[in-house]
Amino acid sequence: MNFNLVRTIWGVIAIVAFTTFAPAQREKSVLMPADVAKYMHPRVEAGMEAPTWEPTKEELSEMENSFEKLAVLKPDRDCCRRSSFLFKPDEYYMQYAAVFLDGHAYIYINAFRETPKTWQKAWRKDWIMVKGGGHDFWQALYDPANKSFSKLTFNADE
């Protein structure tokens with residue numbers, strides 16, 4: 001078999017693979033696969049699946065470069081932000097789910113400060129849900145069309 005042909009085929013496969021997959025930019029972030037993402041959204045308690053979509057690398061990068069906007073965002077609920085909150089994105093692991101809610105494309109962010117040993121591999125493929133924990137666990141929506149965040153919520157303190 002012609003070596004140049006094989007090398008060309010593998011080159012095309014690599015280009016397609018890297019341009020169709022939009023990985024998160026941060027080491028502590030992951031874009032969840034669609035089969036998991038469809039259950040990762042604010043209305044999951046209602047048992048609803050959300051249609052998913054694939055954000056571009058640029059949309060993810062733009063979102064991650066805008067995290068400072070979260071520091072001043074008022075939480076959606078007053079229940080869980082009793083103490084001051086100093087937002088430091090690098091301290092959090094983040095799972096992203098690209099979902100449609102009410103026909104609009106959002107990126108749902110599920111964030112947590114630590115990964116216990118049982119989560120160290122699982123957090124990249126399984127949705128992490130925790131009750132309690134206060135500021136160590138929060139969620140928000142990012143709207144790539146408007147380049148804005150909303151629906152910031154923190155877990156209850158206990």
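Where residues in the stretch 110-158 are of a type in the set (F, W, Y) and not in a helix (DSSP H, G or I), which of them is modelled with the lowest pLDDT?
If we take residues in the stretch 110-158 being of a type in the set (F, W, Y) and not in a helix (DSSP H, G or I), then F154 is modelled with the lowest pLDDT.
Determine if the stretch 73-87 includes at least one residue that is of a type outside the set (G, A, S), exposed (fewer than 14 other Cβ atoms within 10 Å of the Cβ), at pLDDT 90 or above and more than 28 Å from K117 (Cα to Cα).
no
Can you confirm whether the stretch 14-24 contains a residue that is buried (at least 17 other Cβ atoms within 10 Å of the Cβ), closer than 20 Å to D143 by Cα, at pLDDT 70 or above and not polar (S, T, N, Q)?
No, because not a single residue in the stretch 14-24 is buried (at least 17 other Cβ atoms within 10 Å of the Cβ), closer than 20 Å to D143 by Cα, at pLDDT 70 or above and not polar (S, T, N, Q).
Can you find a residue in the stretch 113-122 that is out of contact with any helix residue (DSSP H, G or I) (no Cβ under 6 Å at 6 or more places or on another chain) and surrounded by 16 or more Cβ atoms within 10 Å (Cβ to Cβ)?
Checked against the condition, which is being out of contact with any helix residue (DSSP H, G or I) (no Cβ under 6 Å at 6 or more places or on another chain) and surrounded by 16 or more Cβ atoms within 10 Å (Cβ to Cβ), the stretch 113-122 yields no hits at all.
The values are calculated or read from the model by the stated rules, or taken from the named source; none is laboratory data. As the structure is a computational prediction, the values presented were derived from the model and not from experiment. Please note: Cβ atoms are built from the backbone with ideal geometry, for glycine as well, and neighbour counts cover all protein chains shown.
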